[in-house]
Structure formats: C-alpha cells, structure tokens
Amino acid sequence: MNLLDGKLVSAKIKEDIKNEASAFTAKSGRKPHLVAILVGNDGGSETYVASKMRNCELVGFESTNIRYHVDVTEDELIAKIKEINQDPNIDGLIVQLPLPKHIDPEKITETIDHRKDVDGFHPINLGRMQRNLPCFIPATPYGIMLMLEHYGIDTAGKKAVVVGRSNIVGSPMSILLARNSNPGNCTVTLTHSRTANLKEEVLAADIIVAAIGRKHFVTADMVKEDAIVIDVGINREESTETKSGFKLYGDVDFEEVSKKSSWITPVPGGVGLMTIVGLLKNTLEAAKGTVYPK
Ligand code: NDP
C-alpha cells in the first residue's frame, strides 16, 4: 500500500503558491484576496471556513470572512454578492454550503460573478470544464487531480468508478477523469443511491472515488486487489478522545481497504487538504487573470 499523502503534497504546492502570490503582490501592490461568506453557525462549516482563511494567510493572500446570522434574507445576501462582484480588490468569492433552507443555493451560486467563482460551482465554469476550456474547477476534484498528477499516476485507459453524484464532488470528478487530458482518459462509471449492483461496479474499478458521506461505506470486499482508492468523505462524530471533541472518518474503511489497494488517501490528511490547495490555486489564478483575463 502506498499513501497518497495530502499533507506532503499540499505543503509542496502551497510553497509554490506562496512564491507566486509574492510575485503577484510585488507586481500589483496588493495581495490576492479571497472573501468567504458564512451563514449561521454549522460546526463543520465553521471549521472549513476557518481553515480556508488560515491557509490564505499562510500563502500570503488577504482573506475576509463575512458572517451572517442564520436569519439573513436571500435578498440581503444577493445584494452583498453583487457588491463584491463589483469590487476590483476582491479576486475570489465563496459562499460556504450548506445554506439555511430559506435561501436557494442555485440562485446564490448564479449571482456570483463566474470570474470570481473560485469554488467552480457556477454553471459557466461547469460548462467550460465539460468542454475542456479554461475555467475554475471545483476545488475538491481539482485537488484530487493535482494529487494524482503529483504522484505521476497513469490513469489512461483505467476503469474509474465514482460513488456519489453531487454537483460539487462526484459529478465534476467523473467529467475530469473522463476528459482527454492527463490525469484523465479513464472509462468512468458514475454511481449513486439508485445504482443496481453497486458492489459489483466498485469491484470492477481500477480507480475508486468515494464521495458518499457515510462512514466506512466502502469495505474491503468491494475493492479489487491493487485498486487506487480516493476517499473524499468527511464524517464527523463526537469523540472524547480528541481535543476538538470530534473525530473524522472517511467513506472508506481505510484499515482493511489499504491492505488491498495500491494507492490510498487517508482521512484526515488526504483529499481535505488538497481541496484547500484547489481553492488557493483558483484564487491565485483569479487574481492573475489567467483563466479570465482582466
Ligand atoms: P452529497 O450528500 O451531496 O452526495 C452524496 C452522494 O452519495 C449522492 O449522489 C448520493 O446519491 C450518494 N449516496 C448516498 N448514499 C448512497 C448509497 N447507499 N449508495 C450509493 N450512493 C449513495 O455529498 P457531497 O458530495 O457533498 O459529499 C460527499 C462526502 O464528501 C461527505 O462526507 C462530505 O462531507 C465530503 N466532502 C469532502 C470534501 C473534502 O474536501 N474532502 C469536500 C466536499 C465534500 P443520490 O444522488 O442518489 O442521493
């Protein structure tokens, strides 16, 4: 078993981003700037946003966290997004999901200027990704592709099975793995809760991407010998063993599956760290205007 080590790869790529950010700042007189909007006080979202902000500081970006009470209206939020869209000193904007039920996430996503949509959720970015055009790629699939690239994993011709079809992880992941690029060129099967014979589908995979949201859903009997296993799941459970009061589990039973896999990502220390890298890279590209010229 070889570890796809998110700690190691993210540290290396962040060092490169830091150097590029410093060159950008020297040239433009300002730092790349990411704004994150957080509504309410969901524990997971708080942790993710705090980590994104901390990582921005680490690589020399400016970061602003705008917080709203859970009762904020959709109109108020939209007005703020429109204001940020117009601000030339802000390069990237993310609105942390999930949002409270009275706010339509589609409407919010489409209000963000696609040129500042560093989460890559806007339909223009998703459409451009599908067509292999310059765009912001959703941070988690982007991070996974960077990880595969870092380890020089040859994915061409492999059978990839993605479990989970969400707009932010599973679906874009399936598109990227099928694209005519490297990494990519896989034969992809996208599975979900209505898939018949899921176990057989996963067992046939050379590459498994698990993005379900259920602790240890993928067990060793579902994985063929030498498969490459990417675990996206972050399942939080309360725990007295940790200082934070909770423990994270992946969607893959790491202990058993790692005995069969050729490569595998741990949780924590895998895809989560690479997601941050994807976001930072998108923000830097937004500042530099490499994806959408300014
Ligand atoms: P969603 O809940 O949006 O999607 C889950 C997907 O899993 C759905 O497509 C669903 O199918 C499918 N699914 C659920 N149960 C089953 C089942 N029994 N068999 C087959 N498929 C099933 O989740 P996300 O994609 O947003 O997130 C998935 C996981 O990844 C979560 O644990 C989340 O916390 C984590 N995550 C981690 C990130 C990171 O940085 N590491 C970033 C984003 C998410 P259906 O469509 O039919 O309902």
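Points to keep in mind about this one:
- Between helix 74-86 and the chain there is an angle of about 80 degrees, using the helix long axis and the longest principal axis of the Cα atoms.
- Cα Rg over Rh - the chain, Kirkwood: 0.96
- DSSP beta bridge pairing in the range 34-135, given as percent antiparallel to the nearest 5: 0 percent
- Sorted on the mean count of surrounding Cβ atoms within 10 Å across their residues, most packed first, peptides 34-41, 49-56 read 34-41, 49-56.
- Antiparallel bridge percentage (DSSP; both residues within the chain; nearest 5): 10 percent
- DSSP-defined beta bridges in the range 139-272 - what % are antiparallel, rounded to 5: 20 percent
- Lysines whose Cα lies under 25 Å from that of K18, excluding same-chain neighbours fewer than 8 positions away: K7, K27, K31, K52, K116, K281, K288, K294
- With Cα atoms, 0 to 90° folded angle of helix 6-28 axis to the chain main axis: 20 degrees
- Rounded tilt (10° steps) of 271-288 against the dominant C-alpha axis of the chain: 40 degrees
Laboratory data are not the source of any read-out in this text; all were calculated from the coordinates shown. Small disclaimer: the values here were computed from a predicted structure and weren't measured. Neighbour counts run over all protein chains shown; Cβ positions are idealised from the backbone, glycine included.
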